[in-house]
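*Asks:* Pasting a structure here, questions to come.
The values are calculated or read from the model by the stated rules, or taken from the named source; none is laboratory data. Since the structure is predicted, the reported quantities are computational estimates derived from the model, not experimental observations. Every residue, glycine among them, receives a Cβ derived from its backbone with ideal geometry; neighbour counts consider all protein chains shown.
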Amino acid sequence: MAEFTHFYETFQPSHYNLYIDINRETKLISGLSTITGEAKTTEISIHQKYLTINSVKIADQEVPFTVNNDQDAIKITLPTTGEVTVAIDYTAPLTDTMMGIYPSYYELDGVKKQLIGTQFETNAARQAFPCVDEPEAKATFDVAIKFDEHEGETVLGNMPEIKTENGVHYFDTTVRMSTYLIAFAFGDMQAKETTTKSGVKIGVFATKAHKANELDFALDIAKRSIEFYEDFYQTPYPLPHSWQLALPDFSAGAMENWGLVTYREAYLLIDPDNTSLDTKQVVATVIAHELAHQWFGDLVTMKWWDDLWLNESFANMMEYVAIDALEPNWHIWEVFQTSEAAAALQRDATDGVQSVHVQVEDPAEIDSLFDGAIVYAKGARLLVMVRALIGDDALRQGLKNYFMAHQYGNATGANLWSALGEAAHLDVGAIMNSWLEQPGYPVVTVAVVDGQLTLSQDQFFIGEGQDIGRQWQIPLNSNYAIAPQIFSDKTIVLGDYHQLRQESGMPFRVNIGNDSHFIVKYDADLMQDILQHADELTAIDQLQILQDQRLLAEGRQVSYASVVPLLLRFADNQSNIVNAALYRLANDLKKFVEPDSTEEKALKAFFNKLSVNQVARLGWLPKTGESNDDQLTRPYILAATLYAENPDSITAAHQLFVDHQNSLETLPADIRPYILRNEVQHFGNAELFTQLLTAYRTATDSSYKAGLSAAITSTSDQTQIADLIEKFEDADTIKPQDLRGWFRYVLANKDGQQAAWDWIRDQWGWLEETVGGDMEFTTYITVIAGIFHTPQRLAEFKAFFEPKLETPGLTREITMDMKVIETRVNLVESEKDEVNAAIAKLS
Ligand SMILES: [Zn+2]
């Protein structure tokens, strides 16, 4: 194993002069990186990856150098330490890996075109130019870009362009910043621009394949987000502009490059005339997330990647804080409960999961840190917990001080806790360390023992877990005043239950609002008391009942069969998030039934019972003036009634398809995926398959495309499935960025599973080559582990992935996923009879 040292210790750059010439025709990059900095030793190292170094010069004199590819290094010996300017002349290939400098492909009026863009996080700036590619190595940059330019093309950078000379575009000097935040892009683009109250220019850029009004929503959200953050952080936006650019090929969701944020098209552009509310909410939160980073991440940056959570957890919380302020009617914190909270609680319950704060050195391991459920979702949940503890006034004051102290520099988690702690007069760090440094979370057991109301905490596991006695400082948020604010002991006795119950007049509850990262196991009587008063609870608290029971069942702390009746209890609930939790639980029952069995028939009948009143209440088509809850609930209900094979619903969906046969994109976006899927499953044929696949290839609206892929992949026709598998490697049909979604759909389809599973095993090498370099790669394994639930698949999974256990960046994911599948297999084996009996009784 190579030893990893921080190059910043040998050489500390203060300024870069970058000249980069990119030729799309010859797919060649050539450049000159001139770096001024302080040499701390005479042997300095500068990062490079996949570069050909032609020369290294100091004061116009060539100096000897060596290249060490294992360490991504250029090693240079200097005559003395101290300030030095090193000029490195290099070339590099322009490749299609969606990392470094890369082309994005699209079609405009049948003509193939490309946009060139960049993606440098975490360590791909070194693929674009020699640099000290570490977050702490902040410097200023003068960037000059040349390319095989055509008339009318646009070129964008972190800073405004100041001049063009001999075809070279020169950008203004940046502020002091990290290399991973440098970005530029060029090609044929359209744009919409506006200005914030404080004079920051806001722009949205996209290819001309999109309608101009698809840029409007993002422009409005971006402008108002910047205005919101300037006010909330009490710190001005530090750059003259904030550009948002949609790239047709993009590996992650979006990237917070300072002043030039890049996005997947699906996360920036929407058709204002026909887009579902939940898609708008996702796009708005993604934009707000990236713009939160412009301060938190860009202005103040983590010192090293072990504190990646500082960036991501914080931005993930702020996206909700911002959108809640901009669009209060959306109740976006409710979405936080169904997305972030649910993801964090599930993943964090598997033994072997990473803690939020992780030590890392190996570049391949750094990429595997981006565990969405932990670094983003759990981290955000922890910060929500802090916010609830200290309040917004202290949060804002603390942040203002934090930005003031560390702006244009770097910080650690400890710096943030001390800033927030000082503002709140609370030892925030002491409370948070138990959450950040330890993986997992507690289940708090609440029981009446010998008449005494008693609480205890244990680590909660789904599957086998090694209990090493971890304890947490738990903000309890109870409705009984006698409960402490922070519960840090193993066990606590609150007092005589009957007396407490009488005094308070309500059922005892903890974690009200579900803001703390733990779940609760009430004893049977206490749970009964809560359920009897459940209608008086908020939607979040109702969701929490279903969510905690589901997790307890997954963790074998209650029987799965015992939670089945709970579904009927909430079936007619009108809150969309309660329905989200309800159908999450209902869909989890599918693993207990085999395809085409009597048990499956009973489960379908049960789904019909759950959904039938709601179908009658809501109908198929969105109604003008209906509530957000109704709009957002309908898709859950329609999915359920179609799974139930309710004949009226199948007919209704088919009729809607027939009515829109020649303009499927005009079907209401909220229900479109279900109508398309119904058509493929019940009325499918070769002609329909071709129609939908052609529509997918030519459509530019991402949400329409997502619905099409969900429908096409639900086919049971083996010829069509074989055809789809072939398309997996045809980038003109399925872009590599979208492949994982297609793969998951086919794998989840009982008639497609074998083919998809065979494909990924046969083509693992191809997959590694195509998307192996990016941070999303391990999620292919996660996707498989989310679906498999039979002993045979478990054995096959192990046979294939066990030999790959030592691959850098894959070890943790493979280990966890073997456990995830094994746990599910064991659960199904031991509880299926009981579960199916409970379903049969109620259906
Ligand atoms: Zn982020």
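*Asks:* So if I check each of GLN542, GLN614, GLN549, GLN574, which one is in contact (Cβ under 8 Å) with a residue 40 or more places away in the chain, surrounded by 15 or more Cβ atoms within 10 Å (Cβ to Cβ) and not hydrophobic (A, V, I, L, M, F, W, C)?
*Replies:* GLN614
*Asks:* Quick check on my filter: what residues within region 306-342 are more than 18 Å from the chain's Cα centre (by Cα) and more than 23 Å from ALA580 (Cα to Cα)?
*Replies:* Hits for region 306-342 are ASP306, ALA325, LEU326.
*Asks:* Tally up the residues in region 315-335 that are surrounded by fewer than 23 Cβ atoms within 10 Å (Cβ to Cβ) and hydrophobic (A, V, I, L, M, F, W, C), please.
*Replies:* Within region 315-335, residues that are surrounded by fewer than 23 Cβ atoms within 10 Å (Cβ to Cβ) and hydrophobic (A, V, I, L, M, F, W, C) number 7.
*Asks:* Additional query: Kindly indicate whether LEU28 is modelled with pLDDT of 95 or more, surrounded by fewer than 17 Cβ atoms within 10 Å (Cβ to Cβ) and closer than 29 Å to ASP249 by Cβ.
*Replies:* When the stated conditions are applied, LEU28 passes them.
*Asks:* Given (1) over 21 Å from ASN587 (Cα atoms); (2) in contact with a helix residue (DSSP H, G or I) (Cβ under 6 Å, 6 or more places away or on another chain); (3) not hydrophobic (A, V, I, L, M, F, W, C), where does GLN792 come up short, assuming only one miss?
*Replies:* The one condition GLN792 does not meet is (2).
*Asks:* Still on this structure, I have one more. How about region 72-92: which of its residues are in contact with a helix residue (DSSP H, G or I) (Cβ under 8 Å, 6 or more places away or on another chain) and either in a loop (DSSP other than H, G, I, E, B) or of a type outside the set (A, V, I, L, M, F, W, C) (or both)?
*Replies:* Correct list: ASP72 only.
*Asks:* Being among the hydrophobic types (A, V, I, L, M, F, W, C) and away from the ligand (no atom under 16 Å from the Cβ), is that true of even one residue in region 294-303?
*Replies:* No, region 294-303 has no match at all.
*Asks:* Kindly check whether there is at least one residue in region 368-383 that is of a type in the set (Lys, Arg) and touching a residue at least 60 places away in the same chain (Cβ under 8 Å).
*Replies:* Yes, that holds for at least one residue.
*Asks:* Looking at GLN655, is it part of a helix (DSSP H, G or I), touching an Asp or Glu at 6+ places or on another chain (Cβ under 9 Å), on the phi < 0 side of the Ramachandran plot and not acidic (Asp, Glu)?
*Replies:* Criteria not met by GLN655.
*Asks:* Kindly indicate the residue of region 1-25 that is aromatic (Phe, Trp, Tyr) and not in a strand (DSSP E or B) and also surrounded by the fewest Cβ atoms within 10 Å (Cβ to Cβ) among those meeting that condition.
*Replies:* PHE4
*Asks:* Return yes or no: is VAL67 in contact (Cβ under 8 Å) with a residue 24 or more places away in the chain and either crowded, with 22+ Cβ neighbours inside 10 Å or in a strand (DSSP E or B) (or both)?
*Replies:* no
*Asks:* Considering only helices (runs of 4 or more DSSP H) fully contained in region 666-745, which possess at least 2 residues that are without any contact (Cβ under 8 Å) to a residue 24 or more places away in the chain and among the polar types (S, T, N, Q)?
*Replies:* Correct list: 686-698.
*Asks:* A further question on this structure: So is ALA206 of a type outside the set (Ser, Thr, Tyr), more than 13 Å from the ligand (Cβ to nearest atom), assigned to a helix (DSSP H, G or I) and buried (at least 24 other Cβ atoms within 10 Å of the Cβ) or not?
*Replies:* So ALA206 fails the test.
*Asks:* If you take just the helices (runs of 4 or more DSSP H) that sit entirely in region 760-843, which of them hold at least 2 residues that are surrounded by fewer than 18 Cβ atoms within 10 Å (Cβ to Cβ) and among the polar types (S, T, N, Q)?
*Replies:* 811-842
*Asks:* Would you kindly identify the helices (runs of 4 or more DSSP H) lying entirely within region 546-622 that contain at least 1 residues that are under 25 Å from the mean Cα position of the chain (by Cα)?
*Replies:* 576-588
*Asks:* On to the next question. Say whether the condition of being away from the ligand (no atom under 16 Å from the Cβ), farther than 19 Å from MET159 by Cα and surrounded by fewer than 23 Cβ atoms within 10 Å (Cβ to Cβ) is met by at least one residue in region 250-261.
*Replies:* no
*Asks:* Something else about it: What number goes with the only condition from (1) of a type in the set (S, T, N, Q); (2) under 19 Å from HIS169 (Cα atoms); (3) over 31 Å from the mean Cα position of the chain (by Cα) that THR154 does not pass?
*Replies:* Tallying (1) of a type in the set (S, T, N, Q); (2) under 19 Å from HIS169 (Cα atoms); (3) over 31 Å from the mean Cα position of the chain (by Cα), THR154 fails exactly one: (3).
*Asks:* May I ask you to verify whether ILE46 is under 22 Å from TRP304 (Cβ atoms), modelled with pLDDT of 95 or more, touching a Cys at 6+ places or on another chain (Cβ under 8 Å) and not in a loop (DSSP other than H, G, I, E, B)?
*Replies:* yes
*Asks:* Can you confirm whether region 89-107 contains a residue that is more than 30 Å from LEU739 (Cα to Cα) and not acidic (Asp, Glu)?
*Replies:* Looking through region 89-107, at least one residue is more than 30 Å from LEU739 (Cα to Cα) and not acidic (Asp, Glu).
*Asks:* Out of all the residues in region 262-308, which are free of Cβ contacts under 8 Å to residues at least 60 places away in the same chain and of a type in the set (Val, Ile, Thr)?
*Replies:* Scanning region 262-308 gives VAL282, THR285, VAL286.
*Asks:* Scan region 349-363 and tell me whether some residue there is aliphatic (A, V, I, L, M) and within 16 Å of the ligand (Cβ to nearest atom).
*Replies:* For region 349-363, residues aliphatic (A, V, I, L, M) and within 16 Å of the ligand (Cβ to nearest atom): present.
*Asks:* Give region 367-410 a look and list any residue that's surrounded by 19 or more Cβ atoms within 10 Å (Cβ to Cβ), of a type in the set (D, E, K, R) and not in a loop (DSSP other than H, G, I, E, B), or say none.
*Replies:* Matches in region 367-410: ASP367, LYS378, ARG381.
*Asks:* Right, here's the next one. Checking TRP309 against (1) at pLDDT 95 or above; (2) within 12 Å of the ligand (Cβ to nearest atom), which single condition isn't satisfied?
*Replies:* Single failed check for TRP309: (1).
*Asks:* I need the full set of residues from region 490-522 which are in a loop (DSSP other than H, G, I, E, B), charged (D, E, K, R) and surrounded by 14 or more Cβ atoms within 10 Å (Cβ to Cβ), in order please.
*Replies:* Of everything in region 490-522, those that are in a loop (DSSP other than H, G, I, E, B), charged (D, E, K, R) and surrounded by 14 or more Cβ atoms within 10 Å (Cβ to Cβ) turn out to be ARG509, ASP515.
*Asks:* Here is a further query. Considering only region 274-293, state which residues are polar (S, T, N, Q) and within 12 Å of the ligand (Cβ to nearest atom).
*Replies:* The one that is polar (S, T, N, Q) and within 12 Å of the ligand (Cβ to nearest atom): THR285.
*Asks:* Could I ask something else about it? What residue, of ALA722, ALA710, ALA755, is of a type in the set (A, V, I, L, M, F, W, C), in contact with a helix residue (DSSP H, G or I) (Cβ under 6 Å, 6 or more places away or on another chain) and farther than 21 Å from ILE637 by Cα?
*Replies:* None of the others qualify; the one that does is ALA755.
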